[in-house]
1. Given Phe23, Phe60, Phe27, Phe52, which one is in contact (Cβ under 8 Å) with a residue 24 or more places away in the chain and among the hydrophobic types (A, V, I, L, M, F, W, C)?
2. Is it fair to say Ile103 is over 27 Å from Gly33 (Cβ atoms) and out of contact with any strand residue (DSSP E or B) (no Cβ under 7 Å at 6 or more places or on another chain)?
3. Are any residues in region 73-113 at negative phi, surrounded by fewer than 17 Cβ atoms within 10 Å (Cβ to Cβ) and not in a helix (DSSP H, G or I), and if so, which ones?
4. Output the residues belonging to region 71-90 that are free of Cβ contacts under 8 Å to residues at least 24 places away in the same chain and either in contact with a helix residue (DSSP H, G or I) (Cβ under 9 Å, 6 or more places away or on another chain) or within 21 Å of Thr35 (Cα to Cα) (or both).
5. Every residue in region 32-65 that is under 14 Å from the mean Cα position of the chain (by Cα) and either charged (D, E, K, R) or within 15 Å of Met6 (Cα to Cα) (or both), please.
6. Would you say Asp66 is farther than 17 Å from Ile21 by Cβ, acidic (Asp, Glu) and modelled with pLDDT of 95 or more?
7. Taking region 34-46 only, how many residues are surrounded by fewer than 16 Cβ atoms within 10 Å (Cβ to Cβ) and at pLDDT 95 or above?
8. Please verify whether region 69-88 includes one or more residues that are under 20 Å from Val26 (Cβ atoms) and charged (D, E, K, R).
Amino acid sequence: MNLKTMMIIKAVVCLVLGVPILFAPVFTYSLFGTTLNTGGVLAARQYSASIFGNMLVTWFARNAVDSQARRAIILDLCVYDAVGFVIALIAQLSGLLGPLGWIVVVVYLFFALGFGYFLLPHKEAA
(Lines give C-alpha, C1' and ligand atoms only; values in the text may rest on other atoms or scores of the structure.)
Protein backbone atom coordinates (compact mmCIF):
# COMPACT_ATOMS: atom_id res chain seq x y z
CA MET A 1 0.00 0.00 0.00
CA ASN A 2 1.29 3.46 -0.78
CA LEU A 3 0.93 6.62 1.31
CA LYS A 4 -1.75 8.11 -0.95
CA THR A 5 -3.97 5.06 -0.47
CA MET A 6 -3.41 5.16 3.29
CA MET A 7 -4.36 8.84 3.38
CA ILE A 8 -7.54 8.21 1.37
CA ILE A 9 -8.56 5.32 3.62
CA LYS A 10 -7.98 7.48 6.70
CA ALA A 11 -10.04 10.33 5.20
CA VAL A 12 -12.94 7.98 4.43
CA VAL A 13 -12.85 6.42 7.91
CA CYS A 14 -12.82 9.90 9.44
CA LEU A 15 -15.84 10.92 7.36
CA VAL A 16 -17.75 7.74 8.17
CA LEU A 17 -17.13 8.14 11.93
CA GLY A 18 -17.05 11.93 12.23
CA VAL A 19 -20.52 12.66 10.87
CA PRO A 20 -22.46 10.27 13.15
CA ILE A 21 -20.45 11.30 16.20
CA LEU A 22 -21.21 14.95 15.49
CA PHE A 23 -24.93 14.59 14.82
CA ALA A 24 -25.87 11.51 16.89
CA PRO A 25 -23.18 10.96 19.54
CA VAL A 26 -25.39 9.11 22.02
CA PHE A 27 -26.56 6.62 19.38
CA THR A 28 -23.08 6.23 17.85
CA TYR A 29 -21.41 5.54 21.16
CA SER A 30 -24.20 3.12 22.13
CA LEU A 31 -23.20 1.00 19.12
CA PHE A 32 -19.83 0.52 20.81
CA GLY A 33 -21.43 -0.39 24.12
CA THR A 34 -21.08 2.80 26.12
CA THR A 35 -23.31 5.65 27.25
CA LEU A 36 -22.85 9.41 27.31
CA ASN A 37 -24.12 12.05 29.70
CA THR A 38 -24.38 15.72 28.65
CA GLY A 39 -20.66 16.30 29.26
CA GLY A 40 -19.87 13.21 27.24
CA VAL A 41 -21.97 14.50 24.36
CA LEU A 42 -19.97 17.73 24.37
CA ALA A 43 -16.66 15.83 24.46
CA ALA A 44 -17.83 13.51 21.68
CA ARG A 45 -18.72 16.46 19.46
CA GLN A 46 -15.36 18.06 20.16
CA TYR A 47 -13.74 14.74 19.25
CA SER A 48 -15.74 14.85 16.02
CA ALA A 49 -14.10 18.21 15.25
CA SER A 50 -10.71 16.51 15.68
CA ILE A 51 -11.79 13.72 13.36
CA PHE A 52 -12.84 16.26 10.72
CA GLY A 53 -9.45 17.93 11.06
CA ASN A 54 -7.75 14.59 10.41
CA MET A 55 -10.04 14.01 7.46
CA LEU A 56 -9.14 17.33 5.86
CA VAL A 57 -5.41 16.89 6.45
CA THR A 58 -5.35 13.39 5.01
CA TRP A 59 -7.52 14.29 2.02
CA PHE A 60 -5.65 17.45 1.04
CA ALA A 61 -2.20 16.00 1.76
CA ARG A 62 -2.78 12.76 -0.12
CA ASN A 63 -0.81 14.01 -3.15
CA ALA A 64 1.91 15.85 -1.22
CA VAL A 65 5.44 15.30 -2.46
CA ASP A 66 8.13 14.10 -0.10
CA SER A 67 9.03 17.05 2.11
CA GLN A 68 9.49 18.07 5.74
CA ALA A 69 5.83 19.14 5.82
CA ARG A 70 4.64 15.74 4.59
CA ARG A 71 6.82 13.97 7.15
CA ALA A 72 5.40 16.23 9.87
CA ILE A 73 1.87 15.30 8.79
CA ILE A 74 2.73 11.59 8.82
CA LEU A 75 4.34 11.92 12.28
CA ASP A 76 1.27 13.76 13.58
CA LEU A 77 -1.08 11.08 12.24
CA CYS A 78 1.09 8.28 13.62
CA VAL A 79 1.20 9.81 17.11
CA TYR A 80 -2.53 10.68 17.02
CA ASP A 81 -3.45 7.11 16.12
CA ALA A 82 -0.95 5.56 18.54
CA VAL A 83 -2.39 7.57 21.43
CA GLY A 84 -5.90 6.72 20.23
CA PHE A 85 -4.93 3.05 20.17
CA VAL A 86 -3.71 3.14 23.78
CA ILE A 87 -6.83 4.97 24.97
CA ALA A 88 -9.17 2.63 23.08
CA LEU A 89 -7.30 -0.46 24.29
CA ILE A 90 -7.51 0.68 27.91
CA ALA A 91 -11.23 1.41 27.48
CA GLN A 92 -11.77 -1.99 25.89
CA LEU A 93 -9.81 -3.93 28.49
CA SER A 94 -11.50 -2.08 31.35
CA GLY A 95 -14.94 -3.07 30.05
CA LEU A 96 -16.00 0.44 29.10
CA LEU A 97 -16.69 -0.64 25.52
CA GLY A 98 -18.64 -3.62 24.25
CA PRO A 99 -17.47 -6.19 21.69
CA LEU A 100 -17.61 -3.68 18.81
CA GLY A 101 -15.08 -1.59 20.71
CA TRP A 102 -12.42 -3.94 19.35
CA ILE A 103 -13.07 -2.41 15.93
CA VAL A 104 -11.96 0.96 17.28
CA VAL A 105 -8.84 -0.59 18.79
CA VAL A 106 -7.94 -2.34 15.52
CA VAL A 107 -8.59 0.75 13.38
CA TYR A 108 -6.33 2.90 15.55
CA LEU A 109 -3.64 0.20 15.52
CA PHE A 110 -3.87 -0.14 11.73
CA PHE A 111 -3.35 3.58 11.19
CA ALA A 112 -0.64 3.92 13.86
CA LEU A 113 1.38 1.10 12.32
CA GLY A 114 0.60 2.22 8.79
CA PHE A 115 1.71 5.81 9.28
CA GLY A 116 4.63 4.58 11.39
CA TYR A 117 5.75 2.48 8.43
CA PHE A 118 5.86 5.60 6.23
CA LEU A 119 8.13 7.28 8.78
CA LEU A 120 10.78 4.61 8.25
CA PRO A 121 13.49 5.31 5.72
CA HIS A 122 12.84 3.55 2.41
CA LYS A 123 15.19 2.81 -0.42
CA GLU A 124 14.01 4.30 -3.68
CA ALA A 125 13.41 1.87 -6.54
CA ALA A 126 16.07 2.03 -9.23
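The values are calculated or read from the model by the stated rules, or taken from the named source; none is laboratory data. The structure presented is a predicted model; accordingly, all values stated were derived computationally and were not measured. FYI the Cβ positions are ideal-geometry reconstructions off the backbone, even for glycines, and counts take in every protein chain you see.
1. Numbers: Phe23 fails: in contact (Cβ under 8 Å) with a residue 24 or more places away in the chain; Phe60 fails: in contact (Cβ under 8 Å) with a residue 24 or more places away in the chain; Phe27 fails: in contact (Cβ under 8 Å) with a residue 24 or more places away in the chain.
Selected residue: Phe52, the only one of Phe23, Phe60, Phe27, Phe52 that is in contact (Cβ under 8 Å) with a residue 24 or more places away in the chain and among the hydrophobic types (A, V, I, L, M, F, W, C).
2. Details: over 27 Å from Gly33 (Cβ atoms): no; out of contact with any strand residue (DSSP E or B) (no Cβ under 7 Å at 6 or more places or on another chain): yes.
So Ile103 fails the test.
3. Correct list: Ser94, Leu96, Gly98, Pro99, Leu100.
4. The initial filter retains those residues of region 71-90 that are free of Cβ contacts under 8 Å to residues at least 24 places away in the same chain, namely 72-73, 76, 79, 83, 86-90.
Those that are free of Cβ contacts under 8 Å to residues at least 24 places away in the same chain and either in contact with a helix residue (DSSP H, G or I) (Cβ under 9 Å, 6 or more places away or on another chain) or within 21 Å of Thr35 (Cα to Cα) (or both): Ile73, Asp76, Val79, Val83, Val86, Ile87, Ala88, Leu89, Ile90.
5. Answer for region 32-65, where residues must be under 14 Å from the mean Cα position of the chain (by Cα) and either charged (D, E, K, R) or within 15 Å of Met6 (Cα to Cα) (or both): Asn54, Met55, Leu56, Val57, Thr58, Trp59.
6. Working: farther than 17 Å from Ile21 by Cβ: yes; acidic (Asp, Glu): yes; modelled with pLDDT of 95 or more: no.
So Asp66 fails the test.
7. Qualifying residue count for the region: 9.
8. Checking region 69-88: not a single residue is under 20 Å from Val26 (Cβ atoms) and charged (D, E, K, R).
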